[in-house]
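Below is one structure, written out as structure tokens; comments come after it.
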Amino acid sequence: MENRVEQLRREMGLSQGEFAKRIRVSRQTVSSIENGRYNPSLELAFTISDFFGKPIEEIFLHERSGST
């Protein structure tokens, strides 16, 4: 799943460490989310969404497979 966490964090002028402290996770967790190695739990996704003041679907981009 792609996400805009790094872009939004940088727009706010926050380091990974500062952002991690604010959402109460490790810097390594933030790095893993930004690099697509870790998909956050629903609870953490809502925390990130609330922090940025944006809907989850504007932060976490799910690509649907198959045709409609």
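The values are calculated or read from the model by the stated rules, or taken from the named source; none is laboratory data. On a predicted model such as this, the values are computed, not experimentally measured, just so you know. Quick note on the areas: whole protein, heavy atoms, side chains included, nothing else; ligands and nucleic acids left out. Shrake-Rupley method; radii C 1.70, N 1.55, O 1.52, S 1.80 Å.
Quick notes on this one:
- Rounded percent of accessible protein surface that carbon and sulfur make up, the chain, 1.4 Å probe: 44
- For the chain, the solvent-accessible area with a 1.4 angstrom probe is 71 square angstrom per residue.
- Reciprocal mean inverse distance between Cα atoms of the chain - Kirkwood radius, Å: 12.3
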